[in-house]
Amino acid sequence: MSVNIAVLGAQWGDEGKGKIVDLLSPNFSIVARYQGGHNAGHTIWVNGKKFVLKLIPSGILHPGVICVLGNGMVIDPDALFNEVMLLADNGVDVTDRILISDRAHVILPYHRDLDLLEEQRREKKIGTTKRGIGPCYEDKIARRGIRICDLKNLSEGNEAFTRLFENIVRHNAQYGESGMDPSAMAKSLREAAQWMRPFVRDTSKYLYEAIAADKSIMFEGAQGTLLDIDHGTYPYVTSSNATAGGVANGLGIGPTSIHGVLGIVKAYATRVGEGPMPTELPNEIGNRMRQKGEEFGAVTGRPRRCGWYDVVAVRYAARVNGLDALGITKLDVLDDFEDLQVCTAYRYEGRTIHEMPADTTELAKCEPILEWMPGWGESTRGITEFENLPSRAQIYIRRLAACSGVPAKIIGNGQDRNDFIVRKDVDVPVLNWMNELSRGT
Ligand code: IMP
């Protein structure tokens with residue numbers, strides 16, 4: 001029986017999932033994304049060339065891998081078109097290789113508008129990516145969204161058009177005349193439906209049949225556990241379920257088809273946007289991490305907030321996702337740090353706590369309890385075996401894994417696809433096939 005695994009973020013997003021999904025992809029027939037939209041930016045370096053994928057799963061760079069955009073996603077047709085074109089310009093043909101769920105929701109111009117306007121109105125900003133993600137999911141839950149399957153016949157008189165019309169009326173009533181014309185919008189959406197037509201289908205059925213035919217599937221998460229709408233640092237979160245629970249809903253598969261969950265973390269922590277981050281380093285050390293790790297948002301270019309590895313956060317992520325193992329990325333960013341710290345607990349109102357509080361005003365008051373660890377002071381780039389890492393780097397990795405309560409199976413030590421180490425000494429039955437990962441081009 002083939003093994004299907006989920007690869008998802010176990011911190012605040014930007015953990016380097018794109019790179020890991022890309023390098024694991026040759027072992028899978030299908031890579032399927034289950035939530036989010038073009039707020040995500042999955043950066044992959046291949047032979048010195050940078051690809052930033054926002055909607056299309058990171059498996060697309062491997063010929064033969066089919067990429068599914070699931071019903072749990074929110075899709076901006078223009079953003080998708082631009083991404084398809086960008087890939088084509090770089091010699092990546094998506095014909096017969098991407099499948100878009102007919103049940104995914106569509107991000108429309110008024111969603112982008114609302115994202116901006118609502119963020120302007122908020123006294124406490126969330127720091128959204130301003131791509132219309134939240135308002136689109138709001139419409140989905142409020143049962144007034146427009147789905148991919150609606151686009152082909154969207155014209156005056158039909159039910160979906162009435163929804164579109166009413167949404168624009170509501171938008172205008174709330175924020176003043178927007179000048180948006182429902183008929184013109186419907187026309188451009190019908191055009192989008194035309195080019196999308198070959199890609200659109202019932203992807204739940206497709207995956208069901210693929211599973212029955214014993215094809216292997218990787219489920220790709222976007223954002224991260226602490227940005228999850230239910231389990232993240234609410235309200236400073238995105239509007240979808242980035243956690244493992246989102247896989248079944250966001251793709252229309254049974255949870256029994258998910259055999260393993262790999263949580264991706266950085267060897268330190270970053271966050272982009274607002275909201276509490278207990279280990280943040282708003283100082284020279286944080287700046288060094290940002291420069292060395294090129295910690296600037298792949299979508300918005302915003303500088304990411306950097307800080308020490310937060311065990312409390314990762315242990316929480318391990319619990320809510322049922323993580324089998326960790327993938328620890330960007331170890332090399334710490335290569336020339338003399339001193340390292342790991343946050344093992346929080347101090348809250350004089351007490352030591354080991355769990356993330358639900359209330360973000362409490363989380364904002366939590367101070368990290370830090371454990372000092374020595375840096376290794378030499379380059380880890382190009383090292384391909386765990387035993388060949390500097391001994392202090394090995395100790396650091398072992399410590400992160402032990403404190404987080406999850407074994408570290410794979411380590412990233414550079415930007416390129418081939419910069420990784422698989423720990424063969426770490427036995428995770430559902431992931432041991434990774435011991436044979438090849439270093440291709
Ligand atoms: P939204 O998803 O655009 O609504 O943004 C909500 C929050 O999630 C903001 O703090 C964003 O910065 C953050 N966010 C959304 N997508 C990503 C991502 O792919 N990586 C990191 N942060 C993200």
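Values quoted throughout were computed directly from the atomic coordinates according to the rules given, and no laboratory measurement underlies them. Being a predicted model, the structure only gives us computed values, none of them experimental. Note: ideal-geometry Cβ built from the backbone for every residue, glycine included; neighbour counts use all protein chains shown.
Here, P(r) means the percent of Cα pairs in each 5 Å bin from 0 to the largest distance; for the range 35-85 it is 5, 19, 29, 28, 14, 4, 1. For the peptides 422-433, 246-257, 305-316, 84-95, the ranking by mean Cβ contacts within 10 Å, running from highest to lowest, is 305-316, 246-257, 422-433, 84-95. Taking 17 Å as the straight-line reach from the Cα of Lys17, the aspartates and glutamates in range (excluding those fewer than 8 positions away in the same chain) are Glu220, Asp228, Glu294, Glu295, Asp324, Asp332, Asp416, Asp419. The relative contact order of the range 277-368, computed from alpha carbon pairs under 8 Å that lie at least 6 residues apart in sequence, is 32 percent. Here the translational diffusion coefficient of the range 1-87 follows from Stokes-Einstein with Rh set to the Kirkwood radius across Cα pairs; for 10 °C and 1.306 mPa s it amounts to 119 µm²/s. Rg/Rh, computed from the Cα trace of the range 107-242 with Rh as the Kirkwood radius, has the value 1.02.
Report the relative contact order of the chain, percent, no decimals, based on alpha-carbon pairs under 8 angstrom and at least 6 residues apart. Don't jump to the answer; show the numbers that get you there.
Working: 971 pairs, mean separation 85.0, N = 441.
Computed over the chain, the figure is 19 percent.
Normalised by 2.2 N^0.38 Å, where N counts its residues, the alpha-carbon radius of gyration of the range 224-299 equals 1.34. Computed from the C-beta positions of Ser188 and Asn283 and an R0 of 41 Å, the FRET efficiency is 0.30 to the nearest 0.05. Across the options Leu389, Val342, Ala210, the greatest Cα extent toward the positive end of the charge dipole of the chain (unit charges at beta carbon of Lys, Arg, Asp, Glu) belongs to Ala210. With respect to the chain, whose longest principal axis is taken over its alpha-carbon atoms, helix 109-121 is tilted by about 60°. From helices alone, the chain scores -9000 deg cm²/dmol at 222 nm; the rule is -39500 (n - 2.57) for each run of n ≥ 4 DSSP H residues, then divide by the residue total.
Kindly state, as a whole number, the per residue volume in cubic angstrom of the convex hull around the alpha carbon atoms of the range 286-379. Roughly 138 Å³ of hull volume per residue.
Restricting the range 121-211 to trypsin sites (Lys or Arg not before Pro) that sit in a DSSP loop and have at most 10 other Cβ atoms within 10 Å of their own Cβ leaves Lys124, Arg143. Its residues counted as N, the range 18-158 yields a C-alpha radius of gyration over 2.2 N^0.38 Å of 1.12.
Charge tally for Ile56 (other residues, Cβ to Cβ under 13 Å; Lys, Arg +1; Asp, Glu -1): -2. What is the sum of charges around His38, taking Lys and Arg as +1, Asp and Glu as -1, for the other residues whose C-beta is under 9 Å from the C-beta of His38? Summing Lys/Arg as +1 and Asp/Glu as -1 gives 0. Positive contributions from Lys and Arg (+1) and negative ones from Asp and Glu (-1), summed over other residues with Cβ under 15 Å from the Cβ of Lys187, come out at -3.
Of interest is the spacing of the C-alpha centroids, which for the range 216-274 and the range 282-301 amounts to 23 Å.
In the chain, the sites counted are GluC sites (Glu not before Pro) in DSSP loop states with at most 13 other Cβ atoms within 10 Å, and the longest stretch holding none of them, exclusive of the sites, is 1-122.
Considering every Cα-Cα pair within the chain, what fraction, in whole percent, is farther apart than 42 Å? It would help to have the intermediate numbers written out before the result.
On the way: 13168 of 97020 pairs.
Across the chain, Cα pairs with separations above 42 Å total 14 percent.
Angle of helix 159-175 to the longest C-alpha principal axis of the chain, folded into 0 to 90 degrees and rounded to 10: 70°. One equal scatterer on each Cα of the range 159-313, no solvent, Debye formula: the resulting log10 I(q)/I(0) at q = 0.10, 0.12, 0.17 Å⁻¹ is -0.63, -0.86, -1.09.
I need to check one value: relative contact order of the range 333-441, counting alpha carbon pairs closer than 8 Å and at least 6 residues apart, in percent. That works out to 22 percent.
Counting other Cβ atoms within 10 Å, which trypsin sites (Lys or Arg not before Pro) in the range 263-303 have at most 16 and lie in a DSSP loop? Don't skip to the answer; put the middle values down first.
Numbers: sites: Lys266, Arg271, Arg288, Arg290, Lys292; in loops: none.
In loop regions of the range 263-303 (DSSP not H, G, I, E or B), there are no sparsely surrounded trypsin sites (Lys or Arg not before Pro).
Full extension of the segment from Ser2 to Asn158, taken as 0.36 nm per residue of separation minus the current Cα-Cα distance, would add 51.8 nm.
Within the range 372-436, all pairs of alpha-carbon atoms sorted by distance into 10 Å bins from zero give the percentages 21, 52, 26, 2.
Based on the Cα gyration tensor of the range 326-441, what are the three equivalent ellipsoid semi-axes, each the root of five times an eigenvalue, rounded to whole Å and given largest first? Display every interim value, and only then the final one.
Values: eigenvalues 183, 61, 30 Å².
Semi-axes, largest first: 30, 17, 12 Å.
Against the chain, whose longest principal axis comes from its Cα atoms, helix 77-89 is set at around 60 degrees.
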